[in-house]
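The values are calculated or read from the model by the stated rules, or taken from the named source; none is laboratory data. Just so it is clear, the model here is predicted, and its values are computed rather than measured. Cβ atoms come from the backbone with ideal geometry, glycine included; neighbour counts cover every protein chain shown. Please note that ligands, DNA and RNA were not included when accessible areas were found on the heavy atoms of the full protein model with its side chains. Shrake-Rupley method; radii C 1.70, N 1.55, O 1.52, S 1.80 Å.
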Amino acid sequence: MRAAISAIAEKGTAAVRMSDIAARAGMSTGHILYHFGRKDRLLLEVLAWSEADLGARFQQAADEAASPAEKLALFVRFYLPRHQGDERYALWTQVLAQRHDDAGRHLLTALSDAWEERLEAILREGRALGRFADVDPSEFVIRAVAMLNGLSGDVMFGRSRWQHASAHAFALSALERELRPAGVA
């Protein structure tokens, strides 16, 4: 899976060949084809593996966080790409650009829903503790994810505005402003 992510990030989904992935993994092309069949299925499986790994690492960090505010900061850090060449985000963007059958669309929806559910759980915890404003969870999650997705595109594109500023800090500041309880400066 790591070999596939690396090859895809380097060559892109259109140019990467199963033989490129097999060579990086130290396997035969036939072995890769036996397990995944088509390249589009391989890409979806690699993305699902990558997201499971990232989600588990996020959850471990969130479980150790002392407050909902810390969990929100972790969420932003794990959600946004780390830099312009972030391999995981490159895989997302390239997989999303393809046409998918019902099973592929279902998998992509489940992967996206998992991040939205994580964010909503953080929001509900913060609201229950009186640390976050009483915002509508569904609407907040839609706004937050839309903003984060837009910022992710900017980071991956290499927009100059993020050369000397942090998209992570910008996003976290915007979310914290919206979640600040009334009367708190």
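Stretch Lys11-Ala103 to full length: gain in nm at 0.36 nm per residue minus the Cα-Cα span?
Value of the extension gain: 30.6 nm.
Could you compute the FRET efficiency for Ala146 and Ser28, with r as their C-beta to C-beta distance and R0 at 45 Å, rounded to 0.05?
So the FRET efficiency works out to roughly 0.55.
Using only Cα atoms, find the angle between the long axis of helix 68-79 and the longest principal axis of the chain, and express it within 0 to 90 degrees, rounded to the nearest 10.
Long axis of 68-79 versus the principal axis of the chain: about 30 degrees.
Once you put a point 7 Å from the Cα of Arg180 and another 7 Å from the Cα of Arg2, both along the Cβ direction, what distance in nm separates them?
4.3
Give the Rg (one decimal place) followed by the Dmax (whole number) of the chain, computed from C-alpha coordinates and expressed in Å.
Values for the chain (Cα only, Rg and Dmax): 18.4, 64 Å.
How many angstrom lie between the Cα centre of region 28-53 and the Cα centre of region 94-143?
Computed from Cα coordinates, the inter-centre distance equals 25 Å.
Extension gain Glu70-Arg82, at 0.36 nm per residue separation less the Cα-Cα distance, in nm?
That pair, Glu70 and Arg82, stretches by 2.5 nm at full extension.
Give me the accessible area per residue for the chain, probe 1.4 Å, as a whole number in Å².
I get 54 Å² per residue for this part.
Provide the net charge surrounding Ser112, with neighbours chosen by a C-beta distance below 13 Å and charges set as Lys +1, Arg +1, Asp -1, Glu -1.
-3
For region 34-119, with all protein chains present and a 1.4 Å probe, just round the carbon and sulfur fraction of the accessible area to a whole percent.
Accessible surface attributable to carbon and sulfur in region 34-119 totals 51 percent.
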